[in-house]
Amino acid sequence: MSGSNKPSSGQKGGLEPPGPGENPHTDLSRVYSKDLLPTAGGESLTCKFFQELVNILMDYIFKSNERSSKILDFHHPHQLKEGLEGFSLDLPDHPEPLEQILVDCRDTLKYGVKTGHPRFFNQLSSGLDLVGLAGQWLTSTANTNMFTYEVSPVFLLMEEVLLKKMQSIVGWCEEEGDGIFCPGGAVSNLYSLLVARYDFYPEVKTKGMCALPRLALFTSEHSHYSVRKAAAVLGMGSDSVQVVPCDERYPSVPSVPHRSRCVQGLVPFYVNATAGTTVYGAFDPLTAIADVCDRHKLWLHVDCTGYSASSVTWNPHKLMGAPLQCSAILIKKRGLLQECNQLCAEYLFQSDKHYDISYDTGDKTIQCGRHVDVFKLWLMWKAKGSEGFGSQVNKCLENAEYLFKQLQRRADFKLVFESKPEHSNVCFWYLPPSLRGLPPGPDTNRRLHEVAPQIKAKMMEEGTTLIGYQPLGSNVNFFRCVFSNPATQHEDVDFLLEEIARLGSNL
Ligand SMILES: *Cc1c(COP(=O)(O)O)cnc(C)c1O
């Protein structure tokens, strides 16, 4: 939708002329943080400091949208630690003037990675949604905590509205559905496992794992590693994870026994299905898996970006382009989250408050304090409408199809899958001149395995575009392009392929 939002010229850098009542001679080289508010009379300095900061941020935003600007100016860790052109990471004993603080802000952005650049394809969390950014800034300005209604009345109601909206999109009815925003998809997945275990074995909360039989959970070979990590963190051990093999792209429907029947001493209770696998962007056969889980009384969690699941992970900081972090765990059965996690700390969750304390949702979480991640998403939803998100995601899928078509017709690239992409992921190899026409086999594969890392290294040094690579199963290192940035246009996709071909031309 909003692909070519070019910055208006003449607005970059420089200061606005001083407004009435402002001191035009303020020199930030002689001013310190102690001179800002809350110091009496600090209003105009505070204003000036923030105007300068906004100029720096604007400059960065404009540059991020300029195709010709670099995505990164790569330095090795030791180079950054040694200090570059006055940019020092060392912490001083004495305060530094605000001018230096602003230089530090500029340098921090300078040596970082412009994830909003139209040619950044490295991760699914990309793009820079400006309304989302505005939301983030407001959130930081409000600087409050999501644990109680007492301190977050508006944000907690917004969270309720968003969770209900997401639950209705997932397909749950008005009477069901609970959830919480939490720090990322991996943590959302952990919540699903935690709550599922509690649902079957509430005694785990007080007695721990020794009161339980040994449990088994099922997830596919291509599912996100956070499922195994959650099993380890929750004391079930990663060996409790039964990995369902995939034929190329899809897992077989797991042949899980009924919950009442254990296999080799393990009691099955939980199945994770992925709607959009991390590397291939493939959808597990959800309906068939849901049938099995229903018949065998198992908890079905869907890791995605909906369905007849007991819980769903939804990560708006991926394809929906919400600024990091923004992730929700949705649980179908109401009350479980609260029962599973609540400890009723009396200094926070007093039961004799004068308002409806069901809005003190903080005891549903495994955290104490919780960051406000909802406002930016709420604001984006207001600004785009559901339709706007729809067309934004469609644009990403369209870009993926465009890339697929370009790859189909080029002899110097090879697709990992010949069929159309299912999601916004497209996986491919670059075949350098020395490898073209070689017979397939272990030797060719060994050489092909080296190609992507070598190109990536050069790509990071040059900083013109950025894409990830990995091996998977029997496939040696291949590039994975993911689209989630609405700034990306066909010309950027063309550029990516040309750049890979250029960087790899002498391999
Ligand atoms: C990205 C991703 C995760 C992890 O999400 P984070 O927000 O990075 O913790 C989990 N599952 C899938 C399918 C993902 O793509």
Report task. Determine if segment 178-195 includes at least one residue that is away from the ligand (no atom under 16 Å from the Cβ) and in contact with a Gly (Cβ under 8 Å, 6 or more places away or on another chain). Result -> yes
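Where residues in segment 248-285 are hydroxyl-bearing (S, T, Y) and farther than 19 Å from K229 by Cα, which of them is farthest from the chain's Cα centre (by Cα)? It would help to see each step written out before you state the result.
Filtering segment 248-285 down to residues hydroxyl-bearing (S, T, Y) leaves 250, 252, 255, 260, 270, 274, 277-278, 280.
Next, from what is left, pick out any that are farther than 19 Å from K229 by Cα: 250, 252, 255, 260, 280.
Values: Y250: 23, S252: 27, S255: 32, S260: 37, Y280: 17 Å.
Among those that are hydroxyl-bearing (S, T, Y) and farther than 19 Å from K229 by Cα, it is S260.
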Report task. Residue by residue through segment 181-238, note down the ones that are among the polar types (S, T, N, Q), within 21 Å of the chain's Cα centre (by Cα) and either at pLDDT below 95 or assigned to a helix (DSSP H, G or I) (or both). Result -> S188, N189, S192, S226
Report summary line: By residue number, the members of segment 243-283 that are closer than 30 Å to A211 by Cβ and crowded, with 18+ Cβ neighbours inside 10 Å are V244, P254, V256, V267, P268, F269, Y270, V271, N272, A273
Report summary line: Output for Cβ contacts, cut-off 8 Å, separation at least six or different chains, first residue farther than 30 Å from C293 by Cα in segment 310-328, second outside any loop (DSSP other than H, G, I, E, B) and among the hydrophobic types (A, V, I, L, M, F, W, C), reads G321/M380; A322/L377; A322/M380; P323/L133
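Regarding segment 300-309, can at least one residue be identified that is of a type in the set (F, W, Y), farther than 23 Å from S125 by Cβ and modelled with pLDDT of 95 or more? Explain how you work it out, then say what you get.
In the first step, residues of segment 300-309 are kept if they are of a type in the set (F, W, Y); the result is 307.
Then drop every residue that is not farther than 23 Å from S125 by Cβ, which leaves 307.
Cutting the leftovers down to modelled with pLDDT of 95 or more gives us none.
The answer is no; no qualifying residue exists.
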Query raised in the report: Only one of (1) closer than 19 Å to F218 by Cα; (2) under 26 Å from the mean Cα position of the chain (by Cα) fails for D294. Which number is that?
Result: (2)
Query raised in the report: Hey, among the residues in segment 278-305 that are touching a Phe, Trp or Tyr at 6+ places or on another chain (Cβ under 8 Å) and of a type in the set (G, A, S), which one's farthest from the ligand (Cβ to nearest atom)?
Result: A290
Query raised in the report: Which residues, counting only those in segment 218-242, are of a type in the set (A, V, I, L, M, F, W, C), surrounded by 17 or more Cβ atoms within 10 Å (Cβ to Cβ) and within 15 Å of the ligand (Cβ to nearest atom)?
Result: V227, A230, A231, V241
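Take segment 114-129 and flag every residue that is in a loop (DSSP other than H, G, I, E, B) and either modelled with pLDDT under 95 or within 16 Å of the ligand (Cβ to nearest atom) (or both).
We begin by selecting, within segment 114-129, every residue in a loop (DSSP other than H, G, I, E, B); these are 114-119, 122-129.
T115, N122, Q123, L124, S125, S126, G127 - these are the residues of segment 114-129 that are in a loop (DSSP other than H, G, I, E, B) and either modelled with pLDDT under 95 or within 16 Å of the ligand (Cβ to nearest atom) (or both).
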Report task. Using the structure shown, decide if E159 is outside any strand (DSSP E or B) and surrounded by fewer than 16 Cβ atoms within 10 Å (Cβ to Cβ). Result -> no
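At least 1 residues that are of a type in the set (S, T, Y) in each: list the strands (runs of 3 or more DSSP E) lying fully within segment 418-507 that qualify. Steps first, answer last, please.
Numbers: elements: 425-430, 466-472, 475-482.
In segment 418-507, 425-430, 466-472 are the strands (runs of 3 or more DSSP E) which contain 1 or more residues that are of a type in the set (S, T, Y).
The values are calculated or read from the model by the stated rules, or taken from the named source; none is laboratory data. Bear in mind the structure is a predicted one, so any value in this text is a computation, not a measurement. Cβ sites come from the backbone with ideal geometry, for glycine too, and all protein chains shown count toward neighbours.
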